[in-house]
Every structure is written in C-alpha cells, then in structure tokens.
Amino acid sequence: MKQIYYAIQSTLHGRGSNVTKVISLSLGLTIGVLLFSQIAFELNYEKCYPDADRLVLVRGGGENVKTGEKGEGYDDSLFAPMAEAFRSDLSQWIENATVIFNFETLNVFKDGHKLKDVNYAYVDTCYFRTFGIKVLKGNPEELQRAGSIFVSETFVRDVFGGQDPVGQKLSLDKQHELTVRGVYQDTPENTAYHFDFVAPIYAGGGYIGGGTWGRNDIYYTILRLRDGVDREEINRQIYKAMQKYYPDSADDEWRNFYDAQPLPEIHLDDSNTRTRLYIYGFLGFAIFFVAIMNYVLVAIATMSRRAKSIGVHKCSGASAINIFSMFLFETGIVVLMSVIVALFIIFNTKDLIEDLLSVQLSSLFTLETLWVPMLIVFVLFIVAGVLPGRLFSRIPVTQVFRRYTDGKKGWKRSLLFVQFMGVSFVMGILLVSLMQYHHLINSDPQIRN
C-alpha cells in the first residue's frame, strides 16, 4: 500500500510532466486502438457464421482449352438457377445452397417517409439455413410469397421502435408493397452480406432480374459444403453439373471453369485491402511507438530531480523491488488517466471516426475484438513502466548525499534518435497524404462536355 501512496504523491507533485505524459499517451492510445481494432475487424471478415470455413462463393472464369491459360480475374456473379440445381445434383458434397441478388437500389418508404441508408437483398428460402443465421420469428418458407420480407433485429429497433414488426408495411419507391413476415438475428458489419431486410427472389415463375441459364449472370451463389469436402473436388463436381445446364461450346477456344472460394478468404484476396491494412498497421505502430517513447523520455528527464527522493526511500528500508513497484503503480495511474481521456476522445468524435473508418464503433468494439484494445493498453503499461522503473530502482542509496549524474548518455541519445525517426516517419506519411488529397481535389480531371 505504501508504494501506491507514494505513487499518488509523485503523480500529484509532477503535474506538469504528467499532463504531457497523459496527452501523449492518450493520443497514441486513441490512434493505436482505432487502427489496430480496424485491422482485427477486417481480418475477421465473413467469420461470423457457424462453420464459416465451409461457406463458399461459386465464381467463374475462362480457361484456354489448348494452353490451360486462365483469363484475367473471376466473375463472382453467375446464373440464378445454379443454387437450386446444385441442391439437387450435388447433395453428396453440399448441405445447402442459396442465391442472392442485391443489385437493385430502390428507395424504401414507411408510412410515406423515405428511410435512409437501407440495404436489402433478394434471396431464396434457403438463405438462412445456408448461412446459419437464426430466424427469431416467422417461417422462412414465407419468402416464396411475393411481397414478403424478413427484417433484422437492428432494423426492427431503428424503424419499428422495437415493437413487433410482423404484419407491418413498407414499400419500394411507393409502388411495390412489402409486408414483414419475420425477424432474423443481426449479422455484423464485417460481412458482405449484411442486410437490413431480405425479400423473395422469385417473381412471375422465375427470378427477380430475369435471370436464367446463360442470361443475366448477376446473382451470387453461396454453398455450404459438407464437413471434409475438398475444394478441388467440389470444383470438379461444379464443372460437371454446369455441363448439364450450361455446357461449353465445342468450337470455342476457351471454356468455362468454376472455383468455390471460401468466404473468409474473399475480403483479404483483394490486394488493395491488404495494402490498406499494412498501412494501418505501420501507421498505428509508429504513432503508438512515438507516444511510448515520449513517456519514457519525459520520465527519464526527471531522473536527476528524483534521485535524492529515491535515495531517501532506500535509506528508509525500501528495496529495489519496492522502488520498481512504486514506478509501476505511477505508470498505472498515468495509463489509467490516458485511457479515460482516449475514451472521451473516441466517443466524442464518434461520427467523424465512423465516417472515416466506414464502420460503427459498436461493430468495431465487440466482445470478440475487445482483446485488441486491452492488449494495446497492457503493452503500453509494460513498456512504459518497466524501462523507467528499472532505471530508477538502480539508483544507489548514496545519491541522498550528492547530486545524481549519469555519465552514460549514449543510450539516451539513441532513444531520442529513435523517437525523432518515428516522428519524422509519421509526419512524412501525413504530408504525403495531405498532398495527395490536395491534388485529388484541385487537379483538373480533363473532362470536357
């Protein structure tokens, strides 16, 4: 308890330097927590579903018959009847399949008022079973009826005020009436299939959008594989099934090929996404590192002033471990204050942060990702507390009788050099970003009427 008391007294006596420490650490924590939490959020894309590794998106491409050369890229959207055909023909390899169409962007109205930022899709009756999404109310078979919709929990709270929505009416462009038939469990934002509501994909004996074999390949086909099914094997079976419904032309130099890509791999398969996450990581580490170095250097700068008081503690019977513990408690107090300030900054700039990161804070900080900010705070406490604590605990007791001087300045200069390098790196990144933004906004796009 004495260590805690002395730590509090030291914190109160060093208000000036502690304000600097808190400002530095809180800013570093804010940026570090946001960037590393965003990385964790995107690394968990499509992993919210039960056995997500068994969910695959069927995509297609072209392959040269003679050389085996594959064309550039894949087409993620294919034909509407594929899911239904695969459910019957590939039941040995797949548990279920669903088709999704979400290219329509009509305005959604309730009681004559337009709803903002509503994301919806057209799906078949196997949508919930394929993804493993829990239906809280209603029968998914209702999705066979035109005008029926199932809404998410969040949509119920935001639009219907948490009241029972079953039987309530919505409309698309005030022309197509929709009736709520059920409610399903929310899906998080880190999935490409995050919808406020889903509607039947069936229309006029066919599909919304007029899709059929060989026509309008604008539909996503999602399969849930049986446990242990090999990716190469399912690709071969898909190709065989497709030859039955959409065979390759015998005279064509190119033939179709199909690939069942696991959903969790899709988001990180994009090189732009990977590059962006690398930048987040480097920038977050640099800013966090500079903040820690600021704390360490400010703490070390007080060494000559605090050497005599440490000598007094040792004359009173304090051991090196007691001194070390006292500085850990002192660091803990500063870190706790920094965490409070960082939380204040984050929640008071909530709208700006959500706009910049394109994700809600409630989705960024969940029980599954809470380990990220906790780990950052723990690393901050250990690094910022151990180094100064060890230095101060090694000050000899004789310093109570004379002025403390440390002739070994090389390591201090090295720390200062590293800090300046970190600051220069961060400033360089910011200046380049500002210059690119200025060029993008003010440059002439050379577009003429």
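Check SER77, SER152 and return the single one that is closer than 23 Å to GLY210 by Cβ and of a type in the set (Gly, Ala, Ser).
Answer to the check: SER77.
Condition first: modelled with pLDDT under 90 and of a type in the set (A, V, I, L, M). Can you find one or more residues in the range 37-53 that meet it?
Checking the range 37-53: not a single residue is modelled with pLDDT under 90 and of a type in the set (A, V, I, L, M).
Please specify each residue of the range 174-207 satisfying the condition of being among the aliphatic types (A, V, I, L, M), crowded, with 19+ Cβ neighbours inside 10 Å and over 26 Å from the mean Cα position of the chain (by Cα).
Listed by number, the residues that qualify are LEU178, VAL180, ALA199, ILE201.
What pairs come out if I take residues in the range 419-438 that are under 15 Å from ILE292 (Cα atoms) and pair them with residues that are at pLDDT 70 or above and of a type outside the set (A, V, I, L, M, F, W, C) whose C-beta lies under 8 Å away, six or more apart or interchain?
That search, which allows pairs on different chains as well, returns GLN419/ASN294.
Determine whether THR154 is at pLDDT 95 or above and in a helix (DSSP H, G or I).
no
Against the condition in contact (Cβ under 8 Å) with a residue 12 or more places away in the chain and part of a loop (DSSP other than H, G, I, E, B), how does TYR220 come out, does it pass?
No.
Let me spell it out: the conditions are (1) farther than 24 Å from LYS116 by Cα; (2) modelled with pLDDT under 95, and PRO165 meets all of them except one. Which number is the exception?
The single condition PRO165 does not satisfy is (1).
Quick one: would you say ARG59 is in contact with a strand residue (DSSP E or B) (Cβ under 6 Å, 6 or more places away or on another chain) and without any contact (Cβ under 8 Å) to a residue 40 or more places away in the chain?
no
Please go through the range 130-143 and pick out each residue that is touching a residue at least 40 places away in the same chain (Cβ under 8 Å) and either within 24 Å of the chain's Cα centre (by Cα) or closer than 26 Å to TRP93 by Cβ (or both).
THR130, PHE131, GLY132, ILE133, LYS134, VAL135, PRO140, LEU143
How many residues are assigned to a helix (DSSP H, G or I), more than 28 Å from VAL386 (Cα to Cα) and of a type outside the set (Ser, Thr, Tyr) when one looks only at the range 334-372?
12
Pick out the one residue from LYS350, LYS314 that is among the basic types (Lys, Arg) and either closer than 30 Å to SER424 by Cβ or modelled with pLDDT of 70 or more (or both).
Just one listed residue meets the conditions, LYS350.
Within the range 259-271, identify whether any single residue is closer than 24 Å to ALA192 by Cβ, at pLDDT below 90, of a type in the set (Gly, Ala, Ser) and part of a helix (DSSP H, G or I), and answer yes or no.
Yes, some residue in the range 259-271 is closer than 24 Å to ALA192 by Cβ, at pLDDT below 90, of a type in the set (Gly, Ala, Ser) and part of a helix (DSSP H, G or I).
Applying the selection to the range 15-63, what residues are basic (Lys, Arg), within 29 Å of SER271 (Cβ to Cβ) and in contact with a helix residue (DSSP H, G or I) (Cβ under 8 Å, 6 or more places away or on another chain)?
Within the range 15-63, LYS47 is the sole residue that qualifies.
For ASN256, are the conditions met, namely being surrounded by 16 or more Cβ atoms within 10 Å (Cβ to Cβ), of a type outside the set (Gly, Ala, Ser) and touching a helix residue (DSSP H, G or I) at 6+ places or on another chain (Cβ under 8 Å)?
Here the answer is yes, as ASN256 does meet what is asked.
Within the bounds of the range 49-60, is there any residue that is more than 14 Å from ARG224 (Cα to Cα) and among the hydrophobic types (A, V, I, L, M, F, W, C)?
Checked against the condition, which is being more than 14 Å from ARG224 (Cα to Cα) and among the hydrophobic types (A, V, I, L, M, F, W, C), the range 49-60 yields no hits at all.
Scan the range 96-133 for residues that are touching a helix residue (DSSP H, G or I) at 6+ places or on another chain (Cβ under 8 Å) and not hydrophobic (A, V, I, L, M, F, W, C) and jot them down.
Matches in the range 96-133: ASN96, THR98, LYS110, ASP124, THR125, TYR127, ARG129.
Determine the pairs where a residue that is outside the structural domain of ARG231 (by TED's automatic domain parsing) and under 19 Å from TYR246 (Cβ atoms), located within the range 86-97, has a partner that is at pLDDT below 95 and hydroxyl-bearing (Ser, Thr, Tyr) with Cβ atoms under 6 Å apart, the partner being 6 or more residues away or on another chain.
none
Which condition from (1) over 23 Å from CYS48 (Cα atoms); (2) surrounded by fewer than 14 Cβ atoms within 10 Å (Cβ to Cβ) is the one that ASP117 breaks?
Answer for ASP117: the failing condition is (1).
Do we find that LEU12 is modelled with pLDDT under 95 and assigned to a helix (DSSP H, G or I) in this structure?
It is true that LEU12 is modelled with pLDDT under 95 and assigned to a helix (DSSP H, G or I).
The values are calculated or read from the model by the stated rules, or taken from the named source; none is laboratory data. Just so we're clear, the structure is a prediction, and the values are computed from it rather than from any experiment. Glycine gets a Cβ as well: all are built from the backbone with ideal geometry, and neighbour counts include every protein chain shown.
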